[in-house]
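Peer 1: Before anything else, here's the structure in question.
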Amino acid sequence: MSLRRFGRITAALAATTLTVGALGACSAERAGGAEETSDGGSETTMVGIAMPTRSLERWNNDGSHLEELLGDAGYETSLQYADNKVDQQITQIQNMVNEGADILVVASIDGTALAPVLQDAADEDVTVIAYDRLINESENVDYYATFDNELVGTLQGEYIVDQLGLDDGEKGPFTLEPFAGSPDDNNAKFFFKGAWDVLSPYVEDGVLEVPSGKAPATVDEWTSIGIQGWESAKAQSEMENRLNSFYEGDDKVDVVLSPNDSLALGIEQALEGAGYEPGKDWPIITGQDADEANVKNMLADKQSMTVWKDTRTLGDQVATMVDQIVAGEEVEVNDTETYDNGMKVVPSYLLEPQVVTKDDVEDVLVGSGFYEASDLGL
Ligand code: BGC
């Protein structure tokens, strides 16, 4: 962590009302991006923002929101998307370091592949915030800001239990097909753990049956059902295979545990192709992110719920962290136990996700301004 660099900035901030005045012009609430140079001038703090891909709606929203927030507060930003290619992301981060980034905000593609480039960043006193996804096997991750990932899975599992009435004496058996996220994404393990801790007791006592057999014996074996790169098309073909191979005649799938919306979209296409009909035999299906296509599918009874993470609040939290780092203040975190990256427990700020169903779309997603009613055909 760049104690030296930001120690210098803090001293500069404390010593000059001039700098504070200049910052006030950038943002009424937050400190801005000016840092004092050795000759007494001031230089803008540069924040590199590395996002995984443009192919998923949420990362586009995350990136543009953060870029705007930080830009409005007077920081210089460099926002890069890496097309889900690990090498491309490493090169982008390397370039940000070479171009003098002071702080890096990184939503990693492969959480274990960034240690060497983050060592280069640390050598240049760059402070690193892991964004949404933890970066593993590196000492040089200073902070982590995310939603409570395990809770995302817990909410999905509890939704299923509740909808099937499993705690109200409904005996089943019900057929379940579980999916998990990308094996290289640290979050995917937490999503699965949250859901599987809730659902596996019902699998063990036979109330939930998994005809495909794709039910990991333990949470640690979750990668066996992981969908690489969170790709909709891969989830679709996996679901098609399961339906073709394990469901004959009148056999139907009652529930699909999908960890997020991109997988849910592919699974919903497979169900459609297999002749399932909304309102008739369509299964319960979970999701995460409230992507536009999935919210529309919820309205059309093709998806039961999504776990909504208001990515604007994550951006706000990260912008606050950036301000606190630059001001040399203590960075606010609310979890110092959960996220061990193999080298250290990374101080984290966890935000709370929330379940959204068809009934809440208007109040929650439109009411909060996340969507315009017209985006959703309302
Ligand atoms: C994020 C999810 C997202 C998934 C696929 C995860 O790391 O937390 O919100 O759906 O990646 O991009």
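Peer 1: Over 22 Å between C-alpha atoms is what I'm after, so list which of Lys189/Lys302; Lys171/Lys302; Lys252/Lys302; Lys234/Lys302; Lys214/Lys252 land there.
Peer 2: Pairs exceeding 22 Å: Lys189/Lys302; Lys171/Lys302.
Peer 1: Let me ask something else about it. Please report the antiparallel percentage of DSSP beta bridges with both residues in the stretch 46-120, rounded to the nearest 5.
Peer 2: 0 percent
Peer 1: I've got another one for you. Go through Ser262, Thr44, Val322 and say which Cα lies farthest out towards the positive end of the charge dipole of the chain; charges sit on Cβ, +1 for Lys and Arg, -1 for Asp and Glu.
Peer 2: Thr44
Peer 1: First check a/c for the stretch 162-315, with a ≥ b ≥ c the square roots of the eigenvalues of its C-alpha gyration tensor; if it is under 1.5, answer rounded, and if not, answer prolate when a/b is larger than b/c or oblate otherwise.
Peer 2: Rounded is the answer for the stretch 162-315, as its axis ratio a/c remains below 1.5.
Peer 1: Using +1 at the C-beta of Lys and Arg and -1 at the C-beta of Asp and Glu, which of Asn149, Val126, Gly100 has the Cα lying farthest in the positive direction of the dipole of the stretch 96-155?
Peer 2: Most positive-ward Cα: Asn149.
Peer 1: By average Cβ neighbour count within 10 Å, what is the ranking of 299-309, 57-67 from highest down?
Peer 2: 299-309, 57-67
Peer 1: At a Cα cut-off below 15 Å, give the aspartates and glutamates reachable from Lys193, other chains included and same-chain residues fewer than 8 away excluded.
Peer 2: Candidates past the 8-residue exclusion: Asp148, Glu150, Glu158, Asp185, Asp220, Glu221.
Peer 1: What angle do you read, to the nearest 10 degrees and between 0 and 90, between the alpha-carbon axis of helix 57-72 and the longest principal axis of the chain?
Peer 2: In the chain, helix 57-72 runs at an angle near 20 degrees to the longest axis.
Peer 1: Specify the angular offset, from 0 to 90 degrees and rounded to the nearest 10, of the alpha carbon long axis of helix 311-326 from the longest principal axis of the alpha carbons in the chain.
Peer 2: 30 degrees
Peer 1: Okay, next question. Let me know the shape class of the chain, please: from the alpha-carbon gyration tensor, a ≥ b ≥ c as square roots of the eigenvalues, rounded when a/c is under 1.5, otherwise prolate if a/b is greater than b/c, or oblate.
Peer 2: Since a/c reaches 1.5 and a/b is larger than b/c, the shape of the chain is classed as prolate.
Peer 1: Related question: How much of the DSSP beta bridge set in the chain is antiparallel, as a percent to the nearest 5?
Peer 2: 25 percent
Since every read-out is calculated from the coordinates, none of them should be taken as a lab result. Being a predicted model, the structure only gives us computed values, none of them experimental. Quick reminder, even Gly has a Cβ in these numbers, built from the backbone with ideal geometry, and neighbours come from all protein chains shown.
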